[in-house]
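I have placed the structure first, in the form of structure tokens, so that the comments after it can refer back to it.
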Amino acid sequence: MTKLIHGVVHGKIIELKEDIGLADGQEIEMTVRIVHSKGKWGEGILRSAGAMAAHWTEEDDRILKEINQDRKIPSRRELPE
């Protein structure tokens, strides 16, 4: 029997999300693959925000402000008819 079952690791115990229908004490062989949980959109940036706070300078603020201003400049030209 080959079956894909999800579970959660608790130390040396893997808690399965569903019953696999085997007798208690049955020996099995397993292959384990880590499933990366998908967090809510934006959580990654919230976790990393502030990581550079100790190294941030006024020059960094100036550069970001300049980039933001450059983005507001129209970059499309009109085509002749």
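The table below lists the values:
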quantity: Within segment 36-72, tally of residues that are open to solvent by 100 Å² or more (accessible area, probe 1.4 Å) and assigned to a loop (DSSP other than H, G, I, E, B); calculated: 7
quantity: Conditions (1) at pLDDT 90 or above; (2) out of contact with any His (no Cβ under 8 Å at 6 or more places or on another chain); number of the one not met by Leu16; calculated: (2)
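The values are calculated or read from the model by the stated rules, or taken from the named source; none is laboratory data. These numbers come from a predicted model, not from an experiment. Quick reminder, even Gly has a Cβ in these numbers, built from the backbone with ideal geometry, and neighbours come from all protein chains shown. Keep in mind that these areas ignore ligands, DNA and RNA; they rest on the heavy atoms of the full protein, side chains included. Shrake-Rupley method; radii C 1.70, N 1.55, O 1.52, S 1.80 Å.
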